[in-house]
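To start, the structure itself, in structure tokens.
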């Protein structure tokens, strides 16, 4: 049961009734009705700004519209009180029976509670991580990986069909450097003293196993091949081994992709996908030969003022047109991204999401412009979102992560070089703290990740606090079985409990918090913001722990009443519902819901 959705529907129906009666203009177009929980509980259970939204098109005062709506709502059997506040807010207080029905619905739905309702089976492609296979994954990749995976979980929970995709940058100059670096390690494995790694190549020790594997497989045979042949063999071997490590690192976070898309595949196998994408844009008059102005911050010595193949990116809101070909005739990095999104559009999803690192913020305008052009739609750069027909692309950024230990910045990985390796962090503190805390801040805000704080067993550690609430709820059932042998403890039995015994304000407040979950899921999925789930779970856990503490101070409020099976059963129904919602929320975040804390 979605209380918010139900009330939104009732308000919409009442507005239509008022139109039919001539009390509101018949031609008035009703926008989607929004109902929220007021910040101040004294204002009631629910509030809506529908009157203020309708005021201008209706040419009426918002309070006049609100009073018309409130008069009708006050007569509803489930409404205990209705009033107008401020400039025209509609405030409602619902009767206690509504909250009992919510509790019954949670017990009946179980894991289904809060699911669906938004996606309606529409397809969404979420591309995330996509780290260059040129070295170990670092803590910045970790944030994008966790965010993208939680977003995929969230949208799946909200009713979308999700494809999780990883784009392998296995073409271009960077992986050619990787190949040459691997060959250096190959020569080292053969016993050659290679000295210091030349500038521009990859110096990390992580390539030593690649060199050793090449030496074992080829012996000295590669030394007889041309530098280009050596580079290609070293590149392919390094990419294969490093992608195996990427998959292992992601698996440590319980992240698995459905598709690993190779950049190189777009120019091999008989079809040049980049050429096809450019041809598609050319057919729409969006490709031309021209010259670009030198960027203000560009080095004069490196600037080439030349005729080149350009995409009309400015038509879709970008600040300059974009080059697709280099002076040597090869494709630019941007041309590969154009072709990749062309391929995704051809695969026919309804929605697309790209999760990028903070270093790619400047790249967003050209990316959304290219998508808008390929999909035949429009772009809104302020929203970093573009639409083309039915399809839409959201480009989301994960900001930087600073790893701390008791407030001091740390450098952990000798193997990885100067950055903090993802696997080192997971190995030290565990998967759950990493996943939860990467989501306990909005993705586009910088994050301080303190290795000491995330393993504290205190209220100040959100992941512990939420997991402890689930474990505490599980412990209530273990104690209830001892106190009341034979009392049905499964959801079906508890659904039949006398819920009228839940009359304490703290109990009702907890049910109201649980009632928010379906609306929260829908809102977080629509906004692409899984951090909302983490915040909600902390508030829910705090509410639950608070009710537990009230029972410690006032024994008649304890969940288990040794001499009162009926009250115990009703309160166990509340605990079971709380436990279910915490479990569902943690599953969206990809975090375990433990029954016992160790």
**Report entry** Residues within region 452-483 that are surrounded by fewer than 19 Cβ atoms within 10 Å (Cβ to Cβ) and outside any helix (DSSP H, G or I), tallied
**Finding:** 6
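Within region 582-590, does at least one residue satisfy the condition of being over 26 Å from the mean Cα position of the chain (by Cα) and either more than 30 Å from residue 354 (Cβ to Cβ) or surrounded by 17 or more Cβ atoms within 10 Å (Cβ to Cβ) (or both)? Working first, answer last.
At the first step, the residues of region 582-590 found to be over 26 Å from the mean Cα position of the chain (by Cα) are none.
Within region 582-590, none of the residues are over 26 Å from the mean Cα position of the chain (by Cα) and either more than 30 Å from residue 354 (Cβ to Cβ) or surrounded by 17 or more Cβ atoms within 10 Å (Cβ to Cβ) (or both).
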Query - Candidates 272, 244, 280, filtered to the one that is under 30 Å from the mean Cα position of the chain (by Cα) and surrounded by 11 or more Cβ atoms within 10 Å (Cβ to Cβ) - result: 244
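Among residues belonging to region 1-22 that are assigned to a loop (DSSP other than H, G, I, E, B) and closer than 22 Å to residue 81 by Cβ, point out the one that is modelled with the lowest pLDDT.
Pass one, region 1-22, residues assigned to a loop (DSSP other than H, G, I, E, B): 1-2, 21-22.
If we keep only those that are closer than 22 Å to residue 81 by Cβ too, we end up with 1-2.
On the way: 1: 82, 2: 91.
Taking the candidates together, the pick is 1.
Based on this model, can you work out whether residue 290 counts as surrounded by fewer than 18 Cβ atoms within 10 Å (Cβ to Cβ), touching a strand residue (DSSP E or B) at 6+ places or on another chain (Cβ under 8 Å) and on the phi > 0 side of the Ramachandran plot?
Values: surrounded by fewer than 18 Cβ atoms within 10 Å (Cβ to Cβ): yes; touching a strand residue (DSSP E or B) at 6+ places or on another chain (Cβ under 8 Å): yes; on the phi > 0 side of the Ramachandran plot: no.
Here the answer is no, as residue 290 does not meet what is asked.
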Report summary line: Of the residues in region 37-73, those that are at pLDDT 95 or above, within 17 Å of residue 92 (Cβ to Cβ) and exposed (fewer than 15 other Cβ atoms within 10 Å of the Cβ) come to 71
Report summary line: Those residues of region 123-157 which are more than 24 Å from residue 337 (Cβ to Cβ) and modelled with pLDDT of 95 or more amount to 150, 153, 154, 156, 157
Report summary line: Given (1) in contact with a strand residue (DSSP E or B) (Cβ under 8 Å, 6 or more places away or on another chain); (2) assigned to a helix (DSSP H, G or I), residue 444 misses just (2)
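Tally time: how many residues in region 546-570 are closer than 30 Å to residue 154 by Cβ and touching a helix residue (DSSP H, G or I) at 6+ places or on another chain (Cβ under 6 Å)? Don't jump to the end; show me each part of the working.
Within region 546-570, the subset closer than 30 Å to residue 154 by Cβ is 546-548.
Add one more test, that the residue is touching a helix residue (DSSP H, G or I) at 6+ places or on another chain (Cβ under 6 Å), and what stays is 547.
Going through region 546-570 one residue at a time, the tally reaches 1.
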**Report entry** Count - residues of region 430-441 that are farther than 13 Å from residue 254 by Cα and either modelled with pLDDT under 95 or assigned to a loop (DSSP other than H, G, I, E, B) (or both)
**Finding:** 3
Report task. Working only within region 205-219, note down all residues that are surrounded by 12 or more Cβ atoms within 10 Å (Cβ to Cβ) and under 13 Å from residue 241 (Cβ atoms). Result -> 206, 207, 208, 209, 210, 211, 212, 213, 214, 217
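Quick check: anything in region 496-506 surrounded by 12 or more Cβ atoms within 10 Å (Cβ to Cβ), within 19 Å of residue 592 (Cβ to Cβ) and either touching a residue at least 12 places away in the same chain (Cβ under 8 Å) or in contact with a strand residue (DSSP E or B) (Cβ under 6 Å, 6 or more places away or on another chain) (or both)?
no
Give 320, 314, 268, 309 a once-over and let me know the one that is outside the structural domain of residue 212 (by TED's automatic domain parsing) and closer than 30 Å to residue 215 by Cβ. Reasoning before the result, please.
Details: 320 fails: closer than 30 Å to residue 215 by Cβ; 314 fails: closer than 30 Å to residue 215 by Cβ; 309 fails: closer than 30 Å to residue 215 by Cβ.
Only one candidate passes the filter, namely 268.
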Requested in this report: Name the helices (runs of 4 or more DSSP H) wholly inside region 91-192 in which the number of residues that are under 15 Å from the mean Cα position of the chain (by Cα), crowded, with 21+ Cβ neighbours inside 10 Å and touching a residue at least 40 places away in the same chain (Cβ under 8 Å) is 3 or more.
Outcome: 139-157
Query raised in the report: Where residues in region 374-427 are at pLDDT 60 or above and part of a helix (DSSP H, G or I), which of them is surrounded by the fewest Cβ atoms within 10 Å (Cβ to Cβ)?
Result: 427
Report summary line: Among (1) part of a loop (DSSP other than H, G, I, E, B); (2) closer than 26 Å to residue 169 by Cβ; (3) out of contact with any helix residue (DSSP H, G or I) (no Cβ under 7 Å at 6 or more places or on another chain); (4) free of Cβ contacts under 8 Å to residues at least 40 places away in the same chain, residue 203 falls short only on (4)
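So which of 201, 222 is surrounded by 15 or more Cβ atoms within 10 Å (Cβ to Cβ), modelled with pLDDT under 95 and either farther than 30 Å from residue 258 by Cβ or more than 42 Å from the chain's Cα centre (by Cα) (or both)? Lay out the reasoning, then the answer.
Details: 222 fails: modelled with pLDDT under 95.
Being surrounded by 15 or more Cβ atoms within 10 Å (Cβ to Cβ), modelled with pLDDT under 95 and either farther than 30 Å from residue 258 by Cβ or more than 42 Å from the chain's Cα centre (by Cα) (or both) holds for just one of 201, 222, which is 201.
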Report task. Tell me, yes or no, whether region 243-250 has at least one residue that is assigned to a loop (DSSP other than H, G, I, E, B) and either farther than 25 Å from residue 146 by Cα or in contact (Cβ under 8 Å) with a residue 24 or more places away in the chain (or both). Result -> no
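The values are calculated or read from the model by the stated rules, or taken from the named source; none is laboratory data. Quick caveat, the model's predicted, so the values are computed rather than measured. So basically every Cβ, Gly included, is an ideal-geometry build from the backbone, and we count neighbours across all protein chains shown.
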